[in-house]
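S.K.: Pasting a structure here, questions to come.
The values are calculated or read from the model by the stated rules, or taken from the named source; none is laboratory data. On a predicted model such as this, the values are computed, not experimentally measured, just so you know. Here Cβ is always computed from backbone atoms with ideal geometry, including for glycine, and neighbour counts include all displayed protein chains. Please note that ligands, DNA and RNA were not included when accessible areas were found on the heavy atoms of the full protein model with its side chains. Shrake-Rupley method; radii C 1.70, N 1.55, O 1.52, S 1.80 Å.
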Amino acid sequence: MRARAAVAAVLLVAPASANPLGTYGFGSREAAMGAAVTADTSGASATFYNPAGLARAERLTLELGHLQVNQRLLIDGRDTKTDPVKGLSGGVVAPGELFRVPFAFGLGVHLPDDRLSRIRTMRQDIPRWELYDNRAQLLFIGAMLAVRPARWLAIGGGVAFLSSTRGDFAISGRAQLDSPYDSQLRHQVDADLTTVRVPYLGVRVDPSDRWSLGLSYRGESKLDLRLDADIKGEAEKLGIVAPVRYTLGSRSFDAFQPRQLTLGVSTLPHPRVRANMDLTYVQWSSYESATSRSTSHLEISGVDGVLAVPPDTKPTVVKDPEFRDRVVPRVGVEGWVIDARVKVAARAGYVFERSPVPPQTGTTNFVDADRHTVSLGAGVRVPRPADVLEGELRLDVHAAWSFLPERRTVKDNPADFVGGYRASGRQTSYGATLGVLF
Amino acid sequence: MPLRPGIPYPRRALRRSRALLAAVAALSVARAASASPQDVFGYGPRATALGATGAASAEGAEAAWANPALLSLARSRELTLGFQATRLALRADGPGMPGPMHAEPSEGTLVAAQLPLPLKRWLRDRIALGLAFYAPTDVLVRGRVLYPETPQFATLADRVQTFSLQAGLGVDLGRGLRVGGAISALAGIAGTVHVATDTSGAVGTKVDDQLIATFGRIVGASYDLGDAYRVGVTYRSKLEARFAVLITVRDLGFDVPEFNIAGLAQYDPWQVQGEIARVKGKTRVAVGATFKRWSSYPGAPEPTVVCPPEKPDCLALRVTSPGFHDTVVPRVGVEREVLADPRFKLLGRAGYFYEPSPAPEQKGVSNQLDNDRHALTLGWAVATLAPWPEGRFEAYFQLHKLVPRAHEKDMSEVAPGAVGAPRVETSGHVLFGGVAVTARF
């Protein structure tokens, strides 16, 4: 009667989780520069890359953009049909002074087109692109504050909000095994979307007009699901009614977001050229598998010869994924062509992300590969575009191509149920961001 | 919300009569008509202290909920940070009733921003944005579906523990006319679950879970009647967050229906709030009323088992309406400048509203309890002026007194010994309060 497991499975309804912005970028300018902007960001994107940058904003800023990512991730040459990523990004930055100290409030949002988040927990033996399958389907809301106590120093911080699911539920009534849809069942649920707050901190130092340094920290988040079920009722088959009780406990983690520390530098080697570099330490070693840990127990009597009651299923044994920490280098350049009326920029960037996933020689199948990303972009700045607007109108566009070179997996056990496989892929992303500075 | 069985097969009906009676008696499903805390208390330090008025009198970012048109009154950037808490003391007395009802306290943080757009010439001081955010400390959305016989306060217990987010824009059209709009957001869950055993024979599940955003619309308008008076009207569409998880199980050797674990986690009825206010002078007054379309409340979760298209008349339990009715909530609020100094002002606030219960008398097995409420509201504010840093410190408080109510069970429908039979009496009170700091920058 694995039906009990089915009922249990509702408990695994998983959380909303981490955000896709670290993978594909937040804001077209930032994405075009390989997201190497920790020491060089001041708009709504600063809520994600370095909240200290908000204090560099000089005008009330509204931004709205769209991002589209198409993925072709292959296993043994077959497309795994990983969902595309589409969503609106933007935010508000409001600078001002508080106690005569420059101060700014920023709100950054990434809102996926189809849903706020999508989580798919799977059995750990099913091959799955662990970092790109559902991690890209996530909401980001960050609320940040920043101050600039000295001309050369800015400090910022805030929280990003995520949500997980927890709950208890019960089903009771009479199940008709001969005619299931005549079952007189009802359910009771106590389910919550719980608040998860992730800390973001940042510092920016400007030792001169040509150099900037940035340091940002993003906290770790993992969403802990603790769920319990109690199913009581009766089962009827061939006119025999038997009391049934089924209890289940489940615990799982999902949507892991590793702790990250980024050091960035930005320089102006020429008055019209900016060059940036970031190094991000990503603590993937703390990763915990999204596979649920379940225990269950069934009590049913009086059905000998009528119904074959299977023994309790074995509790799930979740393997330690043993992911590895990594350091991600990012570089970006930006060149400006300044006209009396309009400023135009060209941008490029590169990122290398070594896979944190170890060789999958055992029963688990977390699929991943190294990732090289090349990005290009352009931007236009139009000062005082209308009589009513003294600020600036900004439009940035970008495109990026990610290459995941082939990685071969060979199993230690030649009789492994899944066996070895090859994984490779490509991702193409593009987007645009419109900004208004008042 | 009770469920009723589908059209029975005559032969089976006889065989299962005992089970069916039990089902009718007990196997109905109910849930609280959970809604957002701003619908229960109002939003913002000022409006909640003024009887949850605001359609004509709101100021600052809290106008995003009360009336987005009034955001256009903003002339400076403001950021508000606050903390608020709720305590419920509810009673249900009668056979099988617990007496004091357990209701978890709730706390949360309030963040709001008022951002006038610094446009020039003919758009100067005309347009402003407002962001109004409340996040409970622990829970974003609470979804509780309890068995109907379980005593539960239908419109109170879980309603005050819900995340809320409003973002609005107000425009001053001139000649005293303002219009505005906002969106209000909640989150729900939709998903599917497929169960199987993995290659080692252990329980394995494939879950596809999606967090879905649901949005409500807020539209408002106001008109100045001379310098001192203003009328305002606000429409808020219904705002509901649903959870729905469909569980499918195959290859068991026998058929198991899909389990539809579904229901409404939160529900605000659509509503219209009208108000007239004196908005100038040392004493300011707002008087209004809110019409709430509770009769549209669908109430129930979906049935646990949904009849398939090829068998639409299966015996699975089905949903019926909870029978809620529309309500009108009268409100009044008064603000008085108690003390004025060139550097600061002290403001006192008070208000009252009467919230009739939309829930009918519980004559059957259900115990979805609810009472009319008298709400007394109080608050004060210290506003600092230049040369001091401009801002406000505000405190606000509400006491909701539940009007005692009795539910007489119809003993022709309810089995003797059922929970609450023959009579349930309910009463209680709700305390709500908070503090907030607003900085102008």
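S.K.: Based on what the data block shows, is residue B:381 part of a loop (DSSP other than H, G, I, E, B) and over 27 Å from residue B:291 (Cβ atoms)? Steps first, answer last, please.
M.R.: Values: part of a loop (DSSP other than H, G, I, E, B): no; over 27 Å from residue B:291 (Cβ atoms): yes.
Considered against the rule, which asks whether it is part of a loop (DSSP other than H, G, I, E, B) and over 27 Å from residue B:291 (Cβ atoms), residue B:381 comes out as no.
S.K.: Criterion first (within 14 Å of another protein chain (Cβ to nearest Cβ) and aromatic (Phe, Trp, Tyr)) does residue B:259 satisfy it? First the steps, then the outcome.
M.R.: Numbers: within 14 Å of another protein chain (Cβ to nearest Cβ): yes; aromatic (Phe, Trp, Tyr): yes.
Against the criterion (within 14 Å of another protein chain (Cβ to nearest Cβ) and aromatic (Phe, Trp, Tyr)), residue B:259 qualifies.
S.K.: If residue A:428 satisfies all but one of (1) surrounded by 20 or more Cβ atoms within 10 Å (Cβ to Cβ); (2) at pLDDT 95 or above; (3) β-branched (Val, Ile, Thr), what's the number of the condition it fails?
M.R.: (1)
S.K.: With B:351, B:428, B:379, B:333 as the choices, which residue is under 29 Å from residue A:103 (Cβ atoms), open to solvent by less than 20 Å² (accessible area, probe 1.4 Å) and small (Gly, Ala, Ser)? Before the answer, list the steps.
M.R.: Working: B:351 fails: under 29 Å from residue A:103 (Cβ atoms); B:428 fails: under 29 Å from residue A:103 (Cβ atoms); B:333 fails: under 29 Å from residue A:103 (Cβ atoms).
Exactly one residue qualifies, and that residue is B:379.
S.K.: Follow-up. Counting only residues that are within 27 Å of the chain's Cα centre (by Cα) and within 14 Å of chain B (Cβ to nearest Cβ), which one in segment A:361-392 is surrounded by the fewest Cβ atoms within 10 Å (Cβ to Cβ)?
M.R.: A:362
S.K.: Here is a list of conditions, (1) more than 14 Å from chain A (Cβ to nearest Cβ); (2) modelled with pLDDT under 85, and residue B:301 meets all of them except one; can you say which number that is?
M.R.: All conditions pass for residue B:301, except number (1).
S.K.: Same structure, new question: How many of the residues in segment A:147-192 are in contact (Cβ under 8 Å) with a residue 24 or more places away in the chain, farther than 24 Å from residue B:307 by Cα, at the interface with another protein chain (Cβ under 8 Å from one of its Cβ atoms) and touching a Gly at 6+ places or on another chain (Cβ under 8 Å)?
M.R.: Taking segment A:147-192 as the starting set, the residues that turn out to be in contact (Cβ under 8 Å) with a residue 24 or more places away in the chain are A:147-149, A:151-178, A:185, A:191-192.
Then keep just the ones that are farther than 24 Å from residue B:307 by Cα; that gives A:147-149, A:151-168, A:191-192.
With the extra rule that they be at the interface with another protein chain (Cβ under 8 Å from one of its Cβ atoms), the set shrinks to A:161, A:163, A:165, A:167, A:191-192.
When the remaining residues are screened for being touching a Gly at 6+ places or on another chain (Cβ under 8 Å), the result is A:161, A:167, A:191-192.
The number of residues fulfilling the criteria is 4.
S.K.: Applying the selection to segment A:184-205, what residues are in contact with a Leu (Cβ under 8 Å, 6 or more places away or on another chain) and open to solvent by less than 30 Å² (accessible area, probe 1.4 Å)?
M.R.: Of everything in segment A:184-205, those that are in contact with a Leu (Cβ under 8 Å, 6 or more places away or on another chain) and open to solvent by less than 30 Å² (accessible area, probe 1.4 Å) turn out to be A:184, A:185, A:186, A:192, A:193, A:194, A:195, A:196, A:198, A:202, A:204.
S.K.: So for segment B:315-327 (the condition being away from every other protein chain (no Cβ under 11 Å), part of a strand (DSSP E or B) and at pLDDT 95 or above), does at least one residue qualify?
M.R.: yes
S.K.: Output yes when any residue across segment A:330-352 is in a loop (DSSP other than H, G, I, E, B), over 30 Å from residue A:261 (Cβ atoms), away from chain B (no Cβ under 14 Å) and without any contact (Cβ under 8 Å) to a residue 24 or more places away in the chain, and no when none is. Spell out the reasoning first.
M.R.: In the first step, residues of segment A:330-352 are kept if they are in a loop (DSSP other than H, G, I, E, B); the result is A:339-342.
Then drop every residue that is not over 30 Å from residue A:261 (Cβ atoms), which leaves A:339-342.
Imposing the further condition that a residue be away from chain B (no Cβ under 14 Å) reduces the set to A:339-342.
Still in the running and without any contact (Cβ under 8 Å) to a residue 24 or more places away in the chain: A:339-340.
Scanning segment A:330-352, I find at least one residue that is in a loop (DSSP other than H, G, I, E, B), over 30 Å from residue A:261 (Cβ atoms), away from chain B (no Cβ under 14 Å) and without any contact (Cβ under 8 Å) to a residue 24 or more places away in the chain, so the answer is yes.
S.K.: Taking segment A:393-425 only, how many residues are within 28 Å of residue A:378 (Cβ to Cβ) and either among the charged types (D, E, K, R) or open to solvent by 80 Å² or more (accessible area, probe 1.4 Å) (or both)? Talk me through it step by step, then tell me what you get.
M.R.: Our first condition is that a residue be within 28 Å of residue A:378 (Cβ to Cβ); within segment A:393-425, this holds for A:393-404, A:425.
So of that shortlist, the ones also either among the charged types (D, E, K, R) or open to solvent by 80 Å² or more (accessible area, probe 1.4 Å) (or both) come out as A:394-396, A:401, A:403.
Within segment A:393-425, residues that are within 28 Å of residue A:378 (Cβ to Cβ) and either among the charged types (D, E, K, R) or open to solvent by 80 Å² or more (accessible area, probe 1.4 Å) (or both) number 5.
S.K.: May I ask you to list the residues in segment A:210-264 that are at pLDDT 90 or above and among the polar types (S, T, N, Q)?
M.R.: Those that are at pLDDT 90 or above and among the polar types (S, T, N, Q): A:212, A:216, A:260, A:262.
S.K.: Assess whether residue B:345 counts as being among the basic types (Lys, Arg) and in a loop (DSSP other than H, G, I, E, B). Before the answer, list the steps.
M.R.: Working: among the basic types (Lys, Arg): yes; in a loop (DSSP other than H, G, I, E, B): no.
Taking the combined requirement at face value, the residue does not satisfy it.
S.K.: Considering A:303, A:357, which residue is in a loop (DSSP other than H, G, I, E, B), aliphatic (A, V, I, L, M) and modelled with pLDDT of 90 or more? Walk me through how you get there before you give the answer.
M.R.: On the way: A:303 fails: modelled with pLDDT of 90 or more.
Just a single option satisfies the conditions, and that option is A:357.
S.K.: Limited to segment B:72-125, what total is found for residues that are in contact (Cβ under 8 Å) with a residue 40 or more places away in the chain, of a type in the set (A, V, I, L, M) and within 14 Å of chain A (Cβ to nearest Cβ)?
M.R.: Summing the residues that are in contact (Cβ under 8 Å) with a residue 40 or more places away in the chain, of a type in the set (A, V, I, L, M) and within 14 Å of chain A (Cβ to nearest Cβ) in segment B:72-125 gives 8.
S.K.: For segment B:409-419, indicate whether the set of residues that are modelled with pLDDT under 95, in contact with a His (Cβ under 9 Å, 6 or more places away or on another chain), open to solvent by less than 10 Å² (accessible area, probe 1.4 Å) and not in a strand (DSSP E or B) is non-empty. Even if it seems obvious, please write down each step before you answer.
M.R.: We begin by selecting, within segment B:409-419, every residue modelled with pLDDT under 95; these are B:409-419.
Of the ones still in play, those that are also in contact with a His (Cβ under 9 Å, 6 or more places away or on another chain) are none.
Within segment B:409-419, not a single residue is modelled with pLDDT under 95, in contact with a His (Cβ under 9 Å, 6 or more places away or on another chain), open to solvent by less than 10 Å² (accessible area, probe 1.4 Å) and not in a strand (DSSP E or B).
S.K.: Do any residues in segment A:384-405 that are on the phi < 0 side of the Ramachandran plot have Cβ atoms under 8 Å from those of residues that are in a loop (DSSP other than H, G, I, E, B) and aromatic (Phe, Trp, Tyr), where the two are at least six apart or on different chains, and which pairs are they?
M.R.: Between residues of segment A:384-405 that are on the phi < 0 side of the Ramachandran plot and residues that are in a loop (DSSP other than H, G, I, E, B) and aromatic (Phe, Trp, Tyr), the close pairs are A:389/A:438; A:390/A:438; A:391/A:438.
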